[in-house]
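Encoded as structure tokens, the structure appears first; notes follow it.
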Amino acid sequence: MARLMRLSFRLPSLRDCVLGWVLLLGTSALYSPYLTIYVTLTALASFATLLLDRLAKRDVPPNRWPFVGLVYAAPLVLSVPLGTVAVSVVKGVMSTFLTLALLGTVRSGVLRVVPVLAYLVIDSLVLATLTGVHLLPLLLASLTGGTVGASVVAVVDALTLASLGIRTTDALGEFLSFKSGRDHSLHSLFKGMETRTRVRVPVRVFVFVAKNNDVKGCFVIPWIHPGPLGDVGGGDLPGRIVRRLLREGIVPLVFHSTTTHDFNPVDRREAGKIVEETVKLVREAVDREGCSVGSAPVRGEETDSVGQILGGRLFLVLSKYPEPSDDIDAATGIALERDTGGWVADCHNSFGDPDRGRVYVFSEDFWRLMRDARRISERVKPIPGLRAGFDHVDPGLDPETGLGSGGVSVAAVEAGGARTLYVVFDSNSIVRELKEEVERTLRDLAEEVVVCTSDSHEVNPRGYNPLGQIMGRDDKRRLLKAVRRAAEGAIEDLEECEVVPVEGWVKVEVTGPGSFQRLVHSVETTRTVIRVLLPTAFLGVTLLSLLFGIRT
């Protein structure tokens, strides 16, 4: 899956493509004026396709078809002086390439292969007429290349159609459009996955209410995964919750729940249900009875997990730092809650190999977290009296630096004679070095500093992008100053509070159990098949085209 996230193609610009056509036109003029006519017609066909895209208001890169046409035409032009056999071989190979390029990057349709084959036939007629090359081998090579290319696309499409209900080429085309910032239909693709299912998930909120009955801030634990990427599905869900509650004068800390990609909302509308439920719960908490019972924080022994009582209920944040600490599955979270009676969240605060970072029920990491959760639940001592303060900052960093639209939220909690600072970055994990630097920056302000991320996938349009990985020195300095400022603001905001733990349930359509594993498996299977299928296809077309040329 990481390979898919990093996938990108940078085509030459439209200006470079035009320059390439000019050079090809000049080269063809050295051989024959008739060959120049062929280059001109092929170029016009490429740019005419671009014009049709514009008239149809399709948002495609303007350099796509000029580049594909240039790559197709250049070898043909250069092979003409070598004779019929050479042209036949090149025609077969490039017909395969053109078919793959066209069918592999456009929306699926039963008849989409017809215009491609028609173009290949017409192109053969024009090339043979203008250059004197024998027509029959060109026709046979073109149809063979087109048929083989279409067959490869059909096989590759079938791989994901059977397992996920979506075609590989549809997904690839939309994914590349998404990564280039163009119009895409990834929402509909994820909504069309056969694994999708409707689930009923909890939304947990610790609401901190001041003596004047105003809500100061809240800890939000939505049991939904903020994925799959960018603003698709629930990718920017934490940022949406933060922005919505800030408009109501409430500072939220949106924690990552113990969920995996199986719980990605299929579209933004489904994710919006979580936002609305969170707002409703916060508003209703004012009229409910809370309590000011808290405790000093307690850290685990085998893991970097931390537990503290808030409003009479244990709050557990789980981490495997300094080991990679990625998604924890829902079964693990449910088991820990059942065993301790608390509410759990995933710190998601130590970037590394995602496969090593994930935690599944009954794994060795599961038992380590379970033992620490039990120790923490036994050692926390409920004490009346709790003070809390909140602050939020937006350092003004671009999402490509790893920080999403939710910015940085900080809560200061004093109970049991100890002050705890909770820092939540709206990011998809954080590199260990930056986490440690944040802790050092705040160490003089509190006895305990808990650094978490929301696991926002808003920052992931071009691959894994943990906070701190590609951040420049100036951006890092600005971020640390902002965190320090927010922490000091939260401490200044400290006052006696009651905590109201509230819970709601929402029915949400998600990508479904096993969707992430099936997606990863499909991607890896497709890569394996393509590595074997493409060389075989091109070799077969080359040999057949050579045979067609020799026979004539």
Can you bin region 10-54 into rounded, prolate or oblate? Criterion: square roots of the alpha carbon gyration tensor eigenvalues sorted a ≥ b ≥ c, rounded for a/c under 1.5, prolate for a/b above b/c, oblate for the rest. oblate
Around residue 212, what is the net charge, scoring Lys/Arg as +1 and Asp/Glu as -1 over all other residues with Cβ under 14 Å from its Cβ? -3
Quote the FRET efficiency, to the nearest 0.05, computed for residue 481 versus residue 433 with a Förster distance R0 of 22 Å and r equal to the Cβ-Cβ distance. 0.80
Going down the list 216/320; 273/481; 481/507; 191/216; 211/381; 216/381, which pairs span over 32 Å between their C-alpha atoms? 273/481; 481/507; 191/216
Accessible area, probe 1.4 Å, largest first, for residues 211, 435: 211, 435
Which far-off residues, 5 or more places away or on another chain, put their amide H under 5 Å from the one on residue 309, with H placed in the peptide plane? 295, 315
Amide H neighbours of residue 506 under 5 Å, at least 5 residues apart or on other chains, H built in the peptide plane: list them. 201, 203
Whole-Hz couplings from phi, Karplus 6.51/-1.76/1.60, listed for region 428-443; x for Gly and Pro: 9, 6, 8, 5, 4, 4, 6, 4, 5, 5, 4, 4, 5, 5, 10, 4
By the Kirkwood definition, with r running over pairs of different Cα atoms, the chain has a hydrodynamic radius in Å of 26.2
Kindly rank 283-295, 415-427 from highest to lowest mean number of other beta carbons found within 10 Å of each residue. 415-427, 283-295
Residue-wise HN-Hα coupling along region 93-99, computed from phi with Karplus coefficients 6.51, -1.76, 1.60 (Hz; x: Gly, Pro): 5, 6, 5, 5, 4, 4, 5
By accessible area with a 1.4 Å probe, ligands and nucleic acids excluded, highest first: order of 99, 40: 40, 99
Which whole-number value in Å² is the accessible area per residue of the chain, probe 1.4 Å? 41
Rounded to the nearest 0.05, FRET efficiency between residue 283 and residue 527 (Cβ-Cβ, R0 60 Å) equals 0.80
Helix 14-31 sits off the longest principal axis of the Cα atoms of the chain, rounded to the nearest 10 on a 0 to 90 degree scale, by 20
On the accessible surface of the chain, probed at 1.4 Å with all protein chains in place, carbon and sulfur together account for a percent value of 58
Helix axis angle, 364-379 relative to the chain longest principal axis, alpha carbon, degrees: 20
When every protein chain stays in place and a 1.4 Å probe is rolled, 119, 72, 34 sorted by accessible area with the largest first are 34, 119, 72
Long-range HN-HN contacts of residue 253 with modeled amide H, under 5 Å: 218, 219, 220
Projected area averaged over all directions for the convex hull of the alpha carbon atoms of region 314-362, nm², comes out at 3.2
Starting from the Cα gyration tensor of region 210-292, take the square roots of the eigenvalues, sort them a ≥ b ≥ c, and report rounded, prolate or oblate (rounded when a/c is under 1.5, otherwise prolate if a/b is larger than b/c, else oblate). prolate
Using the Cα atoms of region 331-388 to build a convex hull, what is its mean projected area in square nanometres? 5.2
Rounded to the nearest 10 degrees, what's the angle between the helix 64-79 long axis and the longest principal axis of the chain, both from Cα atoms, 0 to 90? 40
Asserting the computed 222 nm helical MRE of the chain (DSSP H runs at least 4 long, -39500 (n - 2.57) per run, divided by residue count, to nearest 500) equals -16500 deg cm²/dmol
Residues residue 22 and residue 52, FRET efficiency given R0 of 30 Å [Cβ-Cβ distance, rounded to 0.05]: 0.85
At what distance in angstrom do the alpha carbon centres of region 343-420 and region 476-552 lie from each other? 23
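The values are calculated or read from the model by the stated rules, or taken from the named source; none is laboratory data. On a predicted model such as this, the values are computed, not experimentally measured, just so you know. Cβ atoms come from the backbone with ideal geometry, glycine included; neighbour counts cover every protein chain shown. Heads up: the accessible areas ignore ligands, DNA and RNA and are worked out on the full protein's heavy atoms, side chains in. Shrake-Rupley method; radii C 1.70, N 1.55, O 1.52, S 1.80 Å.
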